[in-house]
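Report on the structure given below.
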């Protein structure tokens, strides 16, 4: 890409945001927000899919594929090797995605326990 003022501005904002999230408390708060948002998504998707009653199996298949792709991305050997070599925002993005997935799966377990009782 060409080195324009817009690309310089975007790069500057991204690097400053990455430096801002290096603080452990800010990083932890972002990961907690990701977890709770994943929990909310799991509850919302299960209630919407259950209410409509259409394409339940297709939606479940798509959700399983998304969680498996996230697990593959986070737990792959290449990611673990490059984890300390890459910049912090990409690692934080992948970690936030993994924590969102954990919150989503936890929400699905809670919903299944509700249905089972």
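Quick rundown of the values:
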item	result
Residues (closer than 17 Å to residue 113 by Cβ and either surrounded by fewer than 17 Cβ atoms within 10 Å (Cβ to Cβ) or more than 13 Å from the chain's Cα centre (by Cα) (or both)) located in the stretch 27-51	43, 45, 46, 47, 50
Of all residues in the stretch 53-76 being modelled with pLDDT under 85 and surrounded by 11 or more Cβ atoms within 10 Å (Cβ to Cβ), the one that is nearest to residue 98 (Cα to Cα)	74
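The values are calculated or read from the model by the stated rules, or taken from the named source; none is laboratory data. Treat the numbers as computed from the prediction; the structure is a model and nothing was measured. Here Cβ is always computed from backbone atoms with ideal geometry, including for glycine, and neighbour counts include all displayed protein chains.
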